[in-house]
Amino acid sequence: MEIITYKEILSQPDIWGNIINNSDFIEKKVIEIKKECPLNSFYLVGCGTSYFLSLSGAWVLQKFLKKRAAGLTASDVYFFPESYKNSEKLDSTIFIISRSGTTTETVRVVETLKRQGHTSVYAICCRPESELVREVRHSFVIEDADEKSVVMTRSFTSMLLLIKYISGFCSGNQQLIKELSKLPILGRTLISHYNDLIEKFVNDLKISRFVFLGQGPFYGLAAESGLKIKEMSLSISEAYQTLEYRHGPMSMVGSEVLIVFLMSERSIPEEKKLLLEMKKLGAHTFVICDRADKEIKENSDFIVEIQSGISEYARLILYMPITQLLGFYQARYKGLDPDNPKNLSQVVQIN
Ligand code: F1P
């Protein structure tokens, strides 16, 4: 298939492999940053996909560095500085995330932080010549994760992998670093096993609405998956923290809905209960988890067992090629061109 977005989705394990092979560049930068920065608390800032990445990324940093971390939209940081600035002491570490490095709100945030004298501001980006990279002291640039497509796919997973490495090197967690090196092979196996099955499932199902559910670090993935569905296939999609779905949104459940569960290790028993309830209410169900028991299998219309054997934080990015393919095949089923999403451009620039 000669579709750029499709090629970029499939290329992800190779791009992860390049990051892993060059991870010493991340380690070197982390050493420099540790010398100049107290690493007391973290804010991750971005727009669109890069914002959803900041949500999951904050969980990763928080988990391994045992410090507070939060994801924020660049517009909130810009309009409501109390979101990150609670005192005159500018001692939090801020990671600005952007594929392009030229999104207006994101660049404005960096300029504002600089004017305030905030020094611990670092970029995570895919374009070395961008305004963002020029404005900050240190940047983590992964050029080959950049895309020709409007829709961000491999840049999302690759920048999240980078944050996992930053967390691993900052905390000295060798177990995490070891687990991350398994991701390319796991990703390749997963994509080759499920790609055609997902296409068939989407074409047979003829679904019109999607719901993505995930707890903790999986919520950012759920929100990003929902965005892929909207951008590529112009279908209605929503995302919630899994158990939040009972608190109102489930009033909308019906047979036209596909509920995609991004299951974690810790919440799986509770997530399973919701799965069973939703199945009873008539929803179509799609589960992604590391390993499924009999009950999960019996209540899923489609089941993806990652079978990674690695920890849930290490394997986060493996969920994404699956939901990206869902968006891609839904677009094709509707006769849409995922390379030319309606009303969208690669970068949002406001005058
Ligand atoms: C972020 C972003 C994308 C979105 C859109 C415009 O860009 O909002 O998430 O798909 O096409 O840009 P960036 O700041 O990461 O470059």
For segment 39-78 the number of residues that are β-branched (Val, Ile, Thr), within 16 Å of the chain's Cα centre (by Cα) and more than 16 Å from Thr157 (Cβ to Cβ) is 2
Could you say whether any residue in segment 303-317 is surrounded by fewer than 21 Cβ atoms within 10 Å (Cβ to Cβ), of a type in the set (Lys, Arg) and more than 16 Å from the ligand (Cβ to nearest atom)? no
Q) Regarding Pro184, is this residue crowded, with 16+ Cβ neighbours inside 10 Å, touching a Gly at 6+ places or on another chain (Cβ under 8 Å) and either modelled with pLDDT of 95 or more or more than 30 Å from Glu270 (Cα to Cα) (or both)? A) yes
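Residue check: is Arg291 touching a residue at least 60 places away in the same chain (Cβ under 8 Å), away from the ligand (no atom under 16 Å from the Cβ) and basic (Lys, Arg)? Before the answer, list the steps.
Working: touching a residue at least 60 places away in the same chain (Cβ under 8 Å): no; away from the ligand (no atom under 16 Å from the Cβ): yes; basic (Lys, Arg): yes.
No, not satisfied.
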In segment 1-28, anything farther than 18 Å from Lys182 by Cβ, modelled with pLDDT of 95 or more and of a type in the set (D, E, K, R) is listed as Lys7, Glu8, Asp24, Glu27, Lys28
Within segment 145-183, the residues that are within 16 Å of the ligand (Cβ to nearest atom) and either over 17 Å from Ser56 (Cβ atoms) or over 18 Å from the mean Cα position of the chain (by Cα) (or both) are Asp146, Glu147, Lys148, Ser149, Val150, Val151
**Message:** Suppose the filter is in contact (Cβ under 8 Å) with a residue 60 or more places away in the chain, within 16 Å of the ligand (Cβ to nearest atom), farther than 23 Å from Glu312 by Cα and out of contact with any Asp or Glu (no Cβ under 6 Å at 6 or more places or on another chain); does Gly57 pass it?
**Reply:** no
Within segment 75-112, residues near the ligand (Cβ under 10 Å from one of its atoms) and of a type in the set (S, T, N, Q) come out as Ser98, Ser100, Thr102, Thr103, Thr104, Thr106
Those helices (runs of 4 or more DSSP H) completely within segment 248-351 that have 3 or more residues that are of a type in the set (A, V, I, L, M) and within 21 Å of Ser225 (Cα to Cα) are 268-280, 320-333
Of the conditions (1) farther than 15 Å from Ser167 by Cα; (2) within 12 Å of the ligand (Cβ to nearest atom), the single one that Leu72 does not satisfy is (2)
In segment 34-47, anything at pLDDT 90 or above, closer than 18 Å to Val110 by Cα and not in a strand (DSSP E or B) is listed as Cys47
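Per-residue answers, yes or no, for (1) crowded, with 23+ Cβ neighbours inside 10 Å; (2) among the acidic types (Asp, Glu); (3) in contact with a Phe, Trp or Tyr (Cβ under 9 Å, 6 or more places away or on another chain); (4) over 14 Å from Phe140 (Cα atoms):
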position	(1), (2), (3), (4)
Leu10	no, no, no, yes
Phe25	no, no, yes, no
Glu32	no, yes, no, no
Leu44	yes, no, yes, no
Ser54	yes, no, yes, yes
Phe64	no, no, yes, yes
Leu72	no, no, yes, yes
Asp91	no, yes, no, yes
Ile97	yes, no, yes, no
A careful count of residues in segment 141-164 that are among the small types (Gly, Ala, Ser) and within 18 Å of Val348 (Cβ to Cβ) gives 2
**Asked** Within segment 230-250, is even one residue in contact with a Pro (Cβ under 7 Å, 6 or more places away or on another chain) and hydrophobic (A, V, I, L, M, F, W, C)?
**Response** yes
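The values are calculated or read from the model by the stated rules, or taken from the named source; none is laboratory data. Keep in mind that this is a model prediction, so the values were computed, not measured. Glycine gets a Cβ as well: all are built from the backbone with ideal geometry, and neighbour counts include every protein chain shown.
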